[in-house]
Amino acid sequence: MCGIVGIVRSDKADVNEALLGRMCAAIRHRGPDEDGFYLNGSVGLGMRRLAIIDLKSGQQPIHNQDRTAWIVFNGEIYNYRELRDKLEQLGHTFYTNSDTEAIVHAYDQYGADCPNHLRGMFAFAIWDERTQELFLARDRVGKKPILYAHVNGQFIFGSEFSALLLHPDVSRDVDPEALNQYLSFMCVPAPLTAYRAIRKLEPGHHLRYRKGEIRIERYWQPDFSKKLDISEAEAGERASAILRDAVKVRLMSEVPLGAFLSGGIDSSAVVALMSEESSAPVKTFSIGFEEQDFSELHHARRVAEHVGADHHEFIVRPDALEVLPILVEHYGEPYADSSAIPTYYVARETRKHVTVALNGDGGDESFAGYERYAAMRLAETYRRLPSLLRESFVRQAVELIPSSETRRGRVRDVKRFLQAASLGKVERYVRWVSVFDEGVKQDLFTDDFRRQTQPAAAANLLEPWFARANGSGIVDAALLTDMMTYLPNDLLVKVDIATMAVSLEARSPFLDHHVIEFAASLPEKFKLRGLTTKYLLKRMLKQLLPAENLDRRKMGFGVPLGHWFRGKLQPFLRDTLLAEASLKRGLFKPEAVKQLVELHTRGERDYSHQLWTLLMLELWFQRFID
């Protein structure tokens, strides 16, 4: 696991070696073990290494057989031994035992098609001296990041913003449309970034840069249109075998290895399968809070005892004022998924014991783990009811049921469902996944900021993915949309940054493309049965996990924001959002921000996620723009 940077100048001027070194040093946390550079006139590549495989001879950059192609690489390739054997049979000669060298030889053999031969997580850059071309590729679902800027005849890339922003030609001018999208999704979706000059290479894409021109192509996306004709029993057996293999290949390591264990289905499944593959007890790591509504430690402990894990628990008393500057610094652009806080804490504590940790990321997006998938299907039925019944009886009946505006509960969920159920599928989905919907944005934005943004931007981002679902059902369409947007833009960014900040490698068996492609080929009934999410996965895991962990409601990896903003964080919230500098940025109407703060702190409404989103935006402005 590493961090990479690079500069290619189309004007043929020499790359500034000192600048490249500073860019590399800025991401030292991603690879504290060593650095490495390739410099050849107008081309410079750099990397920081976290040594996991081939500790003795895997130093980068690594070259091909005749030293005409050079690679810097961030990630792990789990099929590199099989790939190496195949390439050796084709005449290739290797000088290391690293997975990195297998990639550069695959590039020599297969050209731009080489990412399709890789199984794992990766972001890499290859400079080809023969064609004078830079080749970049990012893994299928976006576990590893690549940011780039094309300015003043230079192509500049890196793993994190901190590296690119050191380059004097990379402007910090803000992209208003990126901020508009951020306010919907709590993150800036690829290919946008908060900076006009910087873009993200999207997952499943490769990029070629030659003679000042950029060409980007998609090489992978899951196909939900080809369904298996398969029995439930056979589907369970195949799912078990594929997931077991995905876990097994991720146990490859020359350094200490463990697993995050939240007590949820996905991380519990990974730990159970690890235990079956390991001769020693699996090291597991869980985090909890003093606020019991947000702590899952007892669920994690139950799984750990069930599989005989070497279990470690950490009770954290989050000091938001301590951790917020760290998060703002490492994410480099506005990012408001509050689960970044516990993710950072569990990564920090885990790193004290191991260098690699497996996790359960991706299970929800492949096997239908979110309740909104059931809500999407239910809404399709609701929309077919006669309008009179829909609008009068159902809605009025629910309005008569008392519920809290400040606490999560089933009645509140039902009311939220009905508010959007009559909308079209994309608009409905946007309403459910957005922090600020379009109506609220119009009340919040100043006239000037509104003129710089696109209306219905969130729907425009999601609609193409619903359309690309190849005529599949509403659940599969939602799964594809989440797989290509929410997962890479939010969840995988969160885990990559939080773990790399403490030099910990995270591995995700559910994100193996064999698992994803198999799940996409399953009929919807195996993923969502009635209101039962992850139907097949739960059936498959009955022999491996306690029933209590399979049957409970999904909790999520949250923090008590609402409580904090009414208590110990209220002064900080007010001092930050209601400060003169914040209110005069020209993005939001001051009276609208003040109203959100007042209604929440008085306990009349729960605006915790909206306020957190605004807070993280303002802290980013203070750190990176002001």
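Hey, if you put +1 on the Cβ of every Lys and Arg and -1 on every Asp and Glu Cβ in the chain, which of Tyr345, Gln595, Ile315 ends up farthest toward the positive end of that dipole?
Result: Gln595.
In straight Cα distance, which lysines are under 17 Å from Lys248, not counting same-chain residues fewer than 8 positions off?
Correct list for Lys248: Lys283.
Any chance you could check the Cα centroid distance between the stretch 552-626 and the stretch 466-520 for me, in angstrom?
28
Which lysines, if any, have their Cα less than 18 Å from the Cα of Lys12, not counting same-chain residues under 8 positions apart?
Partners found: Lys211.
Using only Cα atoms, figure out Rg for the stretch 560-626 and give it as a multiple of 2.2 N^0.38 Å.
1.04
Filter the cross-link list Lys144/Lys594; Lys226/Lys538; Lys227/Lys538 down to pairs whose alpha-carbon distance in this structure exceeds 27 Å.
Beyond 27 Å between Cα atoms: Lys144/Lys594.
So if I place +1 on the C-beta of Lys and Arg and -1 on the C-beta of Asp and Glu, and nothing else carries charge, what would the dipole magnitude of the stretch 2-218 be about its Cα centre? I want it in debye, nearest 20.
320
Roughly how many Å is it from the Cα centre of the stretch 127-164 to that of the stretch 6-53, as a whole number?
Result: 12 Å between the Cα centres.
Could you work out the percent of alpha carbon pairs in the chain separated by over 42 Å, rounded to a whole number?
22
Counting pairs of Cα atoms in the stretch 333-374, how many percent are more than 11 Å apart?
Pairs farther apart than 11 Å: 75 percent.
Within straight cross-link reach of Lys143, meaning Cα distance under 17 Å, which lysines are found once same-chain residues fewer than 8 apart are removed?
Lys200, Lys494
Computed from the coordinates by the stated procedures, all read-outs in this text should not be read as laboratory data. Since the structure is predicted, the reported quantities are computational estimates derived from the model, not experimental observations. Glycine gets a Cβ as well: all are built from the backbone with ideal geometry, and neighbour counts include every protein chain shown.
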